[in-house]
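Scroll down for the structure; my scribbles are underneath it.
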Amino acid sequence: MRILPRNDPRQYDDLAGEWWRPDGAFAMLHWLAAARARLVPPASRPGAILVDLGCGGGLLTPHLLGKGYRHIGVDLTRSALEQAAAHGLTPVQADAGAGPLADGCADVVAAGEILEHVPDMPRVVAEACRVLRPGGLLVLDTINSTALARLVAVTLAERVHGVPRGLHDPALFVDPRVLQRECARHGVALAVRGVRPTVSALAGWLAGAGRGRGRIVPTWSAAILYQGRGIKNGQGDGG
């Protein structure tokens, strides 16, 4: 791979062949996608739409099968969107903070492993809430802005064989209290909980073996990874 600045989106073009390798560089993203999908209930009406902000290669798609949603993915990276489309997602190439989708079009908005990559997190949260209809569901997961998260997700993770260096800029990691305040401004009361890989999955990941068999489970601490889930009440100030 060429040497690029931390968090440079062009890295995903260089890693395009990794999206659907369950034992590859994005192994943990497969586990996180499965855990995120478990927060999404079956569609409550015909024609329901799920908007997947920062959809990447579409790793959420297999976990939504049978739930009844039209799955629309928004991402900047064309090479990733091409793979997402091949797995049944409707692709939209756009900035996650300023897409072309209509106000209130989505029954569910998923924002998985995207908020720690954007320079303007409040803008992306505002966009997620804008496209979400009143009564709609926001689900997300991201990395906490703690010293422990920086140690684990950057310093240690980047020493594991096969893990790309420079995918994360720890300066962009997200304090859950700040995230909750931003969501509340737009009418979403976000509940958060910590999540982690199972011990066996983490051991396999660290060893560079068995990465395709991982699972993310809830945990008592949100100090590293956490999920968020909230319903839009339609009373946010929008500003």
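Brief remarks on what is shown
- On the principal axes of its alpha-carbon atoms, the chain has extents of 46, 37, 32 Å, going from largest to smallest.
- Each Lys and Arg contributes +1 and each Asp and Glu -1, all at the Cβ; summed about the Cα centre of the range 60-171, the dipole is approximately 160 debye.
- Multiplying each eigenvalue of the alpha-carbon gyration tensor of the range 81-140 by 5 and taking the square root yields semi-axes of 18, 15, 11 Å, largest first, rounded to whole angstroms.
- Label-to-label distance for Arg159 and Arg185 is 3.8 nm, based on points extended 7 Å past Cα in the beta-carbon direction.
- Per-residue Karplus couplings for the range 37-46, computed as 6.51 cos²θ - 1.76 cosθ + 1.60 with θ equal to phi - 60°, are listed in order as 5, 5, 7, 9, x, x, 4, 8, 7, x Hz, Gly and Pro entered as x.
- Cα gyration tensor shape for the range 82-207, rounded if a/c is under 1.5, else prolate or oblate: prolate
- Over the chain, DSSP H runs of length four or greater, each weighted -39,500 (n - 2.57), average out per residue to a 222 nm ellipticity of -7000 deg cm²/dmol.
- Ranking Ala201, Gly228, Ile143 by Cα position along the charge dipole of the chain, where only Lys, Arg, Asp and Glu carry charges on their C-beta atoms, puts Ala201 farthest toward the positive end.
- Whole-percent carbon and sulfur share, accessible surface of the chain, 1.4 Å: 57 percent
- Each Lys or Arg adds one and each Asp or Glu subtracts one; over the other residues with Cβ under 9 Å from the Cβ of Leu138, this totals +2.
- Length added when fully stretched, Ser200-Asp14, from 0.36 nm per residue minus Cα-Cα: 64.0 nm
- Local net charge near Gly68, Cβ-Cβ under 14 Å (Lys/Arg +1, Asp/Glu -1): +2
- A 1.4 Å probe run over the chain, with the rest of the protein chains in place, finds 45 Å² accessible per residue.
- Looking at the chain, the DSSP beta bridges with both ends there are about 45 percent antiparallel.
- Charge dipole magnitude, Cβ of K and R +1, D and E -1 - the chain, Cα centre, debye nearest 20: 680 debye
- Label sites at Arg215 and Arg6, each approximated as a point 7 angstrom past Cα along Cα to Cβ, lie 3.4 nm apart.
- Distant-in-sequence amide H partners of Gly24 (H built 1.01 Å from N, under 5 Å): none
- Sum of side-chain charges, Ala48 neighbourhood, beta-carbon under 13 Å (Lys, Arg +1; Asp, Glu -1): +3
- For trypsin sites (Lys or Arg not before Pro), no site in the range 129-163 is both called loop by DSSP and has at most 16 other Cβ atoms within 10 Å.
- Extension gain from Arg193 to Ala207, taking 0.36 nm per residue of separation minus the Cα-Cα distance: 2.3 nm
- Shape of the range 32-149, Cα gyration tensor, a/c cut at 1.5: rounded
- Test item: Cα-centred dipole of the range 1-115, Lys/Arg +1 and Asp/Glu -1 on Cβ, debye: 260 debye
- Positive-pole candidate from Gly162, Val40, Gly54, dipole of the chain, charges at beta carbon: Val40
- Taking amide H as placed 1.01 Å from N in the peptide plane, the amide H of Asp141 sits under 5 Å from that of Ala111, Gly112, Glu113, Ile114, Gly228, each at least 5 places away or on another chain.
The values are calculated or read from the model by the stated rules, or taken from the named source; none is laboratory data. Keep in mind the model is a prediction, meaning the values are calculated, not measured. Methodologically, a virtual Cβ is constructed for each residue, glycine included, from the backbone with ideal geometry; neighbour enumeration extends over all protein chains shown. What goes into the accessible areas is simple: the full protein's heavy atoms, side chains included, and nothing from ligands, DNA or RNA. Shrake-Rupley method; radii C 1.70, N 1.55, O 1.52, S 1.80 Å.
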